[in-house]
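No value in this document is a laboratory result; all are computed from the given coordinates. These figures come from a predicted structure and were not determined experimentally. Heads up, the Cβs are rebuilt from the backbone with ideal geometry, glycines too, and the neighbour counts pull from every protein chain shown.
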Amino acid sequence: MDHSFLSAVILLLLVLDPLGSLPVFIPIMRDVPPERRTLVAVREVLIAFAVLFAFMFFGDAFLRVMRLSERSLEVAGGVILLMVAIRMIFSHEGGVYGTPEGKEPFIFPLAVPLLAGPSAMATVLLLASRQPDRILSWVGALACAMLVSGAVLLLCERIRRLLGDSVVSALEKLMGLVLTAIAVEMILAGLKQYFMASM
């Protein structure tokens, strides 16, 4: 399944799920002094970008070292995306990752795995391995998606006050439905390549 720049940005936004991270982000940041919240949010977004950037550029070498095929990566990425989508649709209180108590978050859980989680890593690996000639487009798409995610995290309190908890929850479930379709498409594309190569 080939992607355009716009579809890659949308896919990455769905995988990063900035709106869905709001219920986790707010409790984590509650113990952080207000004057440091912006700094912490920007730092965590930059760390997540660096992790995904590294996976994007070294993804092909990673596949060779681990002796993984593009087909297995596509199916595995689709399965992970499907699990994330199910979590988004059937969310439960407290989130999946838990929250650190009484200390400022550093890398975990905001940067990894909330933003740069397994599904995001699999997605950037897949983009880079499927169309390596468009790597600059994928870097741009990742940068755009991370900028949007960072802006949502920085404005989380205002967004929640403006939209309300019920609307934010409904948007998360809608994004989960869209991501489910994308995940199934990835799995089917990987299986199709596998069976065609076996014939």
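For the chain, modelled as a GNM whose springs connect Cα atoms under 10 angstrom apart, the maximal fluctuation among Ser129, Ser166, Ser72 occurs at Ser166. Expressed as a rounded percentage, what relative contact order does the chain have, with Cα pairs under 8 Å and six or more residues apart? After rounding, I find 47 percent. Between Leu147 and Ser166, the simple label model (points 7 Å from Cα in the Cβ direction) yields a spacing of 3.5 nm.
Taking a sphere under 13 Å around the Cβ of Ser4 and counting the other residues whose Cβ falls inside, with K and R at +1 and D and E at -1, yields a net charge of +1. For the chain, the mean residue ellipticity at 222 nm estimated from helices alone is -26000 deg cm²/dmol, where every DSSP H run of n ≥ 4 contributes -39500 (n - 2.57) and the total is divided by all residues, rounded to the nearest 500. With R₀ fixed at 30 Å, the C-beta to C-beta distance from Asp60 to Leu177 puts the FRET efficiency at about 0.40. Largest GNM mean-square fluctuation across Thr123, Thr38, Thr180, computed for the chain with C-alpha springs under 10 Å, falls on Thr38.
Strictly greater than 24 Å: what percent of every Cα pair in the chain meets that? Value for the chain (Cα pairs over 24 Å): 40 percent. Scoring 182-192, 53-63 by mean Cβ neighbours within 10 Å over their residues and listing the highest first yields 182-192, 53-63.
With θ taken as phi - 60° and the Karplus curve 6.51 cos²θ - 1.76 cosθ + 1.60 applied, the whole-hertz 3J(HN,Hα) list for segment 40-48 is 5, 4, 5, 4, 5, 5, 5, 5, 4 Hz, x standing for glycine and proline.
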